[in-house]
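To start, the structure under review is shown below, and the notes come after it.
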Amino acid sequence: MVAEEKKKRRAKKLNRTYDYNIPKELEDLILVGSKVIVPFGKGEKQEEAFVVKLKEKSEFANKDIIKIEENLSDKQIELAKWMANRYFCNVSDCIKLMLTPGTRTKNKEKRIQDKIINTVYLKKDIEEIEFEIETKKIKSEKQIKILKFVKDNKGATIPEIEMFTDTSRAIVNTLIKNGYLEIVEKKVERNPLLFKDYKRTEKLQLTDEQQEAFEEVEKAIDENRFEQFLLYGVTGSGKTEVYLQLIQKVIENEKTAIVLVPEISLTPQMLERFVSRFGKEDIAILHSKLSIGERHDEWEKIRNGDAKIVIGARSAIFAPLANVGIIIIDEEHDSSYKSETTPKYNAKEIAKKLAKENNIPLLLGSATPDLQTYYKAMEKKINLLELTKRANNSSLPSVEIIDLKQELANGNRSMLSMELYSNIEENLKNKRQTILFLNRRGYSTFIMCRNCGYTVKCPNCNISLTYHSYERKLKCHYCGYEQNIVTVCPECKSDKIRYFGTGTQKLEQEIHKQFPNASTIRMDIDTVTKKNSHEEILNKFKNENIDILIGTQMVVKGHHFPNVTLVGVIAADSSLNIDDYRANERTFQILTQVAGRAGRENLPGKVIIQTYNPQGFAIQCSREQNYEKFYETEIALRKQLKYPPFCDIILIGFNSYNENEIRKVSNQMYEELQKELNALINLQENEIKLFKPMPCPIDKIQNRYRWRIIIKGNMTEEINRILNDSLKNIYKQNIKDTRISIDVNPNNMS
């Protein structure tokens, strides 16, 4: 038997395999894809490994497998191998995505299967703890953070505390040892839908456009045929109702369905629609904000055939769902479908592969499709289905653009233009709701000394710290570092420290100042640390008719609030001024999506977009909500500049604590690729541009230096082979610290 060891050693980097003997009692149980426990190394420490091949004999096997932990199917292991080659990583990295969550060690596995969890509570009185914090007896910021979290989240598990406070188990253990926290064992019912109570709904009468789209996909279902469909519908056009009725169709055919949504914040509303239609019993949900135990139970529910519909974020595509009849990807343009950690897979590519293998339709839905998806539809590689009208005959909102340069010229230095101010005032009088969108969290985005120009930066990352006013802290949004506010410049000792830029906290403060009687709620990464906080904020805004919702892109996509008639975009330029060829596309998408939150029922909606660049074509097209016009302009620009979809961009990333080593390794990789790719160009006349290694725009994160090599060209099987071979050759050399990753068409170019 050949097993791939899972530890992060150089062996893992090389995708190396090791031979082990199969004990007699395991011979009939072991499969390719099995997760096993093996003795590894001189100390024969027990490690997890994965079976990637079975042999009759081996001259190298001198140790036995200890036990089998879990078996994957042949199809799952084949998918893992395909992913490892496609995404330049190890088979074990891919296999991990397909394993039952929460089964890493013997004790933990038993506890999770028995539904017993360790929960954490305060052991001392909260008044005593608060006194010790005030008197500096408890000094550690991380300990204070944990204590505050446990106070607000009684009965949280240690993994949840680690996840939501960005701290370690060791700090929790210290607080337990010192008598501040205690562990309580609980046997729990871990059904995330247990307390959800939704009124049952019946299917709606489809509009003519919806019916036409439904029938096109229905044909592929009936004919057991793979086909890709793009359901391109304006915001509020009823795409979800089409999804629901197609899923009803596959369930009637005794098949199942996978539905992917991009954001956890979208899951509650999507879940409400699905549970109301199909009931709790047939639905399983998978996303990162579930506890490990909940994810384990949902996974088992799917594996045991007790779920007919799986709804979840990106990783739900790997759910062990049998007899799938359709895969649906909502908001398909969203960047979160592409993983930014190893393996750097694209869920849309995985979905296409699975749909093709199972001869089923893949349905992609969006009001602002990914440019590459729409290009494929124009090239007839994807079947285009269009919904041009809102389902309830409501009109699209009117959109007005405000030039902030003119506002400044008129003496208005507020975050709100005069037009937006008066419209919020009018909305408050009429008891209508408002959404204010600003895609920056925190209070101020950078802090600078006006005397010498010194900027306060993270000591671990080459990036400015952001001021968070509620905690009176400066924070790094890349590594989590935080420090107290700066009042005196450390360079010139001046007190002329000023806070520049705006974030959601500052906007919230401004709204309280200008509209003191208005009720507000904020939704950004800082307010959704608690479990179920996404759902609580959205439900509170909707059910308590709160006047103003302030938020980042979490508030933009997919939400349906009948009483929202005004949307204000505070700074439309923030997504334009980034070093990325997709800046225009992302700006257009986000503005169109946020505009779509207004006037979704019979009430007329209005959108006010504030910008310093009112003539920018992305902003003008979003004002007209004209996707076709934007597409024609942007696709011509991409073709001229040779950007995707007319080529692929391959980013080879390097990071290391050692600046000399990273420079040396990246240059070695460049020279090897230059030699191989030049030969390929001469052979095939394939236009490929290889750019020299350079530091990344953000050249240090978490004290690791960052360099990159960029390749522009078409990603062929031959280029894939060259990249995989080059990666192996570089790792064979004496690299002590440098990590290398390869990402095709990455989300983030920084």
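Quick note: the coordinates plus some simple rules give every number you see, no bench work behind them. Only a predicted model underlies this, so the values are computations on that prediction, with no experimental measurement involved. Note that we place each Cβ from the backbone using ideal geometry, even for glycine, and neighbour counts take in every protein chain shown.
Worth pointing out:
- Value in Å of the Kirkwood radius, where the stretch 629-674 supplies the Cα pairs that are averaged: 13.3 Å
- Protection proxy ranking of 508-514, 585-591, 237-243, 486-492 - average other beta-carbon atoms within 10 Å, highest first: 585-591, 237-243, 508-514, 486-492
- In the chain, Cα pairs under 8 Å separated by at least six residues give a relative contact order of 11 percent.
- Subset of K352/K629; K136/K457; K606/K639; K123/K473 violating a 31 Å alpha-carbon distance limit: K606/K639
- Multiplying the residue separation of L122 and V488 by 0.36 nm and removing their Cα-Cα distance gives an extension gain of 128.0 nm.
- Over the C-alpha trace of the stretch 272-317, radius of gyration and Dmax come out as 10.2, 27 angstrom.
- Spread of Cα-to-Cα distances over 5 Å intervals beginning at zero, given as percent, for the stretch 116-187: 3, 17, 32, 27, 14, 4, 1, 0
- R0 of 45 Å, Cβ-Cβ distance L641-N253: FRET efficiency to nearest 0.05: 0.45
- FRET efficiency estimate (nearest 0.05) - Cβ-Cβ, D737 to S395, R0 51 angstrom: 0.30
- Once the Cα-Cα distance is subtracted from the 0.36 nm per residue extended length, the Y612 to K692 segment shows a gain of 25.3 nm.
- Placing pseudo-labels 7 Å out from each Cα toward the beta carbon at N178 and Q211 gives an inter-label distance of 6.9 nm.
- Mean shadow area of the stretch 2-99, taken as a quarter of the surface of its Cα convex hull (nm²): 6.1 nm²
- Among the cysteines of the chain, those whose beta-carbon sits 4.7 Å or more from every other cysteine beta-carbon are C89, C94, C479, C621, C647, C696.
- Difference of contour (0.36 nm per residue) and Cα-Cα distance, M418 to K431: 2.7 nm
- Residues in the stretch 236-261 that a label on E218 would reach, taking backbone N under 12 Å of a point 7 Å out along Cα→Cβ: 245-250
- The calculated pair-distance distribution of the chain uses every alpha carbon pair, bins of 20 angstrom beginning at 0, and gives 14, 47, 35, 4, 0 percent.
- Those trypsin sites (Lys or Arg not before Pro) in the stretch 403-458 that DSSP places in a loop and that have at most 15 other beta carbons within 10 Å: R413, K431, R450
- Panel order for V324, V91, V594, by other beta carbons found within 10 Å of each beta carbon, from fewest to most: V324, V91, V594.
- In whole angstrom, the stretch 232-357 maps to an equivalent ellipsoid with semi-axes of 19, 19, 15, each derived as √(5λ) from the alpha carbon gyration tensor and ordered largest first.
- Treating each Cα of the stretch 648-744 as one equal point scatterer and applying the Debye formula with no solvent, the log10 of I(q)/I(0) at q = 0.11, 0.16, 0.21 Å⁻¹ comes out as -0.31, -0.63, -1.03.
- Long pairs among K145/K506; K203/K255; K186/K255, criterion Cα-Cα beyond 26 Å: K186/K255
- The stretch 116-187 - charge dipole about Cα centre, Lys and Arg +1 at Cβ, Asp and Glu -1, debye rounded to 20: 200 debye
- DSSP bridge pairs, the chain: antiparallel proportion in percent, nearest 5: 55 percent
- For the chain, adding -39500 (n - 2.57) for each run of n ≥ 4 DSSP H residues and dividing by the number of residues yields -10500 deg cm²/dmol at 222 nm.
- Here r is the Cβ-Cβ distance between L54 and E185 and R0 is 35 Å; the resulting FRET efficiency, rounded to 0.05, is 0.30.
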